[in-house]
1. Helix B:75-84 against the longest principal axis of chain B: what's the angle in degrees, Cα atoms only, rounded to the nearest 10?
2. Give me B:335, A:137, A:270 ranked fewest to most by other Cβ atoms within 10 Å of their Cβ, as a rough exposure proxy.
3. Could you tell me the distance between the Cα centroids of the stretch B:206-227 and the stretch B:51-82, to the nearest Å?
4. Could you work out, residue by residue across B:225-234, how many beta carbons of other chains sit within 10 Å of that residue's beta carbon, and then give the average as an integer?
5. Give me a single rounded figure for A:251-258: the average over its residues of other chain Cβ atoms within 10 Å of their Cβ.
6. Which shape class applies to the protein assembly as shown: rounded if a/c is under 1.5, otherwise prolate when a/b exceeds b/c and oblate if not, where a ≥ b ≥ c are the square roots of the Cα gyration tensor eigenvalues?
7. Antiparallel versus total DSSP beta bridges in chain B: what percent is that, nearest 5?
8. Taking Cα pairs under 8 Å and at least six residues apart, what relative contact order does chain A come out at, in percent?
């Protein structure tokens, strides 16, 4: 009801008052936003501090040896995190190895080749994958993926690529490779969605210029579209990597949870996040708890290092792509 | 329109606040119905007895109006929160160690509530409905990685009428820290000196061999899907999922099938002194019918409590759950009830603790 009076023509004084009010609103708004912006880094700093405090006992006991030893014995209170770090890095790497070509392929298809009517529905369906809770992925992995891998895919790999050390040894089902595959499925929607947005942002003049020079559509994508979008695509991959490194539930349900470093991808492994999730609730000894906090601290460090490395990569790639577009 | 949106937002905020506000009085009004001092009790700990605890607390609230909140965060968390004094009582599947008891200046009492059993489930389709038989040495050697074939002569001797396949034994264990693991390795530590020396007992251990499955369901799926696999799960879980499980030769040399009755028999087979603190392991128990991989699960309460109202409140509940009606509820959910002599002993001891708490 009051809406009509307020949208009516205001007098000059009313306008000034309105601006005054609006200014006050601006100040409050700015204050709130600043508070929000400060709150997040503070929370992060607090979290890191807490992790460090929690892991002090283990850091004092094991020091850097924690990073290089493999025993994990809660009874003897002897802890080493090397297999966990190895498992986290390898499973995430495997996940990306599978997910990146697939999701970029889908993104390119959707922006460059797919019929208009198909673009939105497919993008929407893939986006839906991101909304599935990870425990559901884990259950699906146990009931559907693992039996399929054990009876069909793994024996096939062993028969064809068995000369490689990665595909040797007994096949159980739960394994590093199974975890990598589930991670690939889980990070795909992220890489695909962001990759698609990035490709959509490539100006049409890029494509038209390439086509006008006589490039086929394939050549236009490779020479004009992808180089332009390079830094954005790397960003999409990093988003996926961040998710893969921290994924817990689905991985622990499929990886076999064995503190061991094996060359074979069919062998069970373990990740940092999985170990914390598995043991934290029942850890009784102080040193055991502290070792788990240490693992959490390391996971945080690994994430920071990987992300920093990726930023560096983006930065270099972005420089490269600017030069590339200049050369074009 | 633009000025309507903030108004709408404000309206939503006010509405939410109003709902929040109206939420407040409802617990109070519930309390009015059954007048009671104090708000109720909070506890935290073991996940294994969570279904029966939930059922007990629910029935107890209906009967007496005393509400008990229980968080099944795991035994380790239960002991920790009890030690820090953030809960009124704790719950655990493995008893507190002497150091942990020293950390609370000895002010803790273990009250057994029900009995659980751990069974060995396996996947050997060629066996059909025949039950496998194990003895302690065979189980220990399988989990030590020393007995690796199903047709090993030692297993064949234990199962003379069964044709065992020439397959590798694939060992599965729990990956998450768990009271089930504690009971199982407690048994192995008792029956095998090598296990005791090399691995020991805790809620999670450094397994010599095998794959880790998360939770009972993780172990079960791994066993179900892999021919030749063996794993351990809680009896209740095996019964409700109709898993095959082996009989185990007990200390008296008899092959015993795991049932509620044989788990109760394991507790009946131990002699408790009148001043016991109930921190007793009943694995590998004496008694002809005792199933050897059985264990109590405990509530942790303070022996002496400055808050006498709280002490009385917990005591009241403990007495209530030990009544035949409470123990029947346990049996309905496939938890093995405590044997009568132990119930009587617990009742006496709880009474003593309460007297000491409220002079």
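Rule-based calculations on the coordinates, nothing more; no lab input. Here the structure is a predicted model, which means the values were calculated and not measured. Using ideal geometry, Cβ is built from the backbone for each residue, glycine included, and neighbour counts are taken over all protein chains shown.
1. Here the helix axis deviates by roughly 40 degrees.
2. If I rank by nearby Cβ atoms, fewest first, I get A:137, B:335, A:270.
3. 29 Å
4. Working: counts 9, 7, 0, 0, 2, 0, 0, 0, 0, 0.
Whole-number average of other-chain Cβ neighbours for B:225-234 is 2.
5. Numbers: counts 0, 7, 7, 2, 4, 7, 11, 7.
Average per residue, whole number: 6.
6. On the way: a/c = 2.33, a/b = 1.33, b/c = 1.75.
Oblate is the answer for the protein assembly as shown, as a/c is 1.5 or above yet b/c matches or exceeds a/b.
7. On the way: 21 of 36 bridges.
Restricted to chain B, the bridges split so that about 60 percent are antiparallel.
8. Details: 401 pairs, mean separation 85.1, N = 328.
Normalised by residue count, the contact order of chain A is 26 percent.
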